[in-house]
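Novice: Quick one: structure below, then a few questions.
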Amino acid sequence: MVLSIALFFTSCDKDDPVIPNEEELITTLNLYLTPVDNGEMVTLSFQDLDGDGGNAPIVTSGTLIADVQYSGRMELLNESESPVEDITEEIEEEDDEHQFFFQSTISDLSFTYEDEDDNGNPVGLSTTLSTGMAGSGNITITLVHEPAKNAAGVSGGDITNAEGEIDIEVTFPIIVE
């Protein structure tokens with residue numbers, strides 16, 4: 001009995017580690033691309049309601065217009081909750097702990113960050129996407145939690161130097177015409 005009381009008091013020690021915030025489940029990623037000089041919005045969408053494993057995710061790709069600039073806005077949701085949880089709001093609040101990275105196999109396609117955290121480092125919830133010549137390939141969007149941010153924005157958005165932990169990574173097939 002004395003031993004169990006001693007264990008109880010030592011297990012409630014003030015030096016016990018603090019459990020960090022549990023990462024949110026991201027079931028849906030939408031990238032809304034609106035041509036800067038008017039035109040029809042293109043939505044790239046990823047939805048995986050049952051998470052890893054189980055059913056395959058639903059990926060909706062898009063067709064972009066050559067030589068056009070698009071204003072991009074990211075939306076992340078947890079649709080397994082009721083009501084649906086908007087993860088975008090959490091990323092905005094904790095923007096110093098998050099960064100999106102954009103990679104493309106299309107050489108004439110580039111992303112520019114249009115938002116930053118309080119330290120002047122890029123986030124990626126708001127972007128500009130510029131297309132060049134016609135072609136096809138993939139765009140990969142990766143959200144990294146606690147990346148190694150610096151004034152250069154992690155080597156200009158280079159994911160190979162990002163460190164941190166990947167919250168979500170999605171690849172979209174794209175056509176530029």
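The values are calculated or read from the model by the stated rules, or taken from the named source; none is laboratory data. In this text, all values refer to a predicted model and were calculated from it rather than measured experimentally. With ideal geometry, Cβ positions are generated from the backbone for all residues, glycine too; neighbour counts draw on all protein chains shown. The area values use the complete protein model at the heavy-atom level, side chains included, leaving out ligands, DNA and RNA. Shrake-Rupley method; radii C 1.70, N 1.55, O 1.52, S 1.80 Å.
Novice: Here is a list of conditions, (1) under 23 Å from residue 176 (Cα atoms); (2) in contact with a Ser or Thr (Cβ under 8 Å, 6 or more places away or on another chain); (3) among the aliphatic types (A, V, I, L, M), and residue 77 meets all of them except one; can you say which number that is?
Specialist: Tallying (1) under 23 Å from residue 176 (Cα atoms); (2) in contact with a Ser or Thr (Cβ under 8 Å, 6 or more places away or on another chain); (3) among the aliphatic types (A, V, I, L, M), residue 77 fails exactly one: (1).
Novice: Could you check how many residues of region 38-56 are without any contact (Cβ under 8 Å) to a residue 60 or more places away in the chain and either under 21 Å from residue 139 (Cβ atoms) or of a type in the set (A, V, I, L, M, F, W, C) (or both)? Break it down into steps so the answer makes sense when it comes.
Specialist: Quick first cut of region 38-56, residues without any contact (Cβ under 8 Å) to a residue 60 or more places away in the chain only: 38-43, 45, 47-56.
Then drop every residue that is not either under 21 Å from residue 139 (Cβ atoms) or of a type in the set (A, V, I, L, M, F, W, C) (or both), which leaves 39-43, 45, 47-49, 56.
Matching residues across region 38-56 total 10.
Novice: Could you check region 73-95 and list, in sequence order, the residues that are under 12 Å from the mean Cα position of the chain (by Cα), open to solvent by 20 Å² or more (accessible area, probe 1.4 Å) and closer than 15 Å to residue 45 by Cα?
Specialist: Result: 73, 75, 77.
Novice: Give the residue that is farthest from residue 38 (Cα to Cα), with candidates limited to residues of region 96-110 that are under 14 Å from the mean Cα position of the chain (by Cα) and open to solvent by less than 40 Å² (accessible area, probe 1.4 Å). Walk me through how you get there before you give the answer.
Specialist: Step one: filter region 96-110 for residues under 14 Å from the mean Cα position of the chain (by Cα), giving 96-103.
Narrowing the set further to residues that are open to solvent by less than 40 Å² (accessible area, probe 1.4 Å) leaves 98-102.
Values: 98: 30, 99: 28, 100: 26, 101: 26, 102: 24 Å.
Applying the filter and picking the extreme gives 98.
Novice: Of the numbered conditions (1) touching a Lys or Arg at 6+ places or on another chain (Cβ under 8 Å); (2) assigned to a loop (DSSP other than H, G, I, E, B); (3) touching a residue at least 60 places away in the same chain (Cβ under 8 Å), residue 99 fails exactly one; give the number of that condition.
Specialist: (2)
Novice: Search region 135-150 for residues that are touching a residue at least 60 places away in the same chain (Cβ under 8 Å) and pair each with any residue that is acidic (Asp, Glu) and in a strand (DSSP E or B) when their beta-carbon atoms are under 8 Å apart and the residues are at least 6 apart or on different chains.
Specialist: 141/169; 143/167; 143/169; 145/165; 145/167
Novice: Another one. Kindly indicate which of 169, 146, 116 is open to solvent by 50 Å² or more (accessible area, probe 1.4 Å), at pLDDT 95 or above and within 25 Å of residue 25 (Cα to Cα).
Specialist: Details: 146 fails: at pLDDT 95 or above; 116 fails: at pLDDT 95 or above.
Result of the check over 169, 146, 116: 169.
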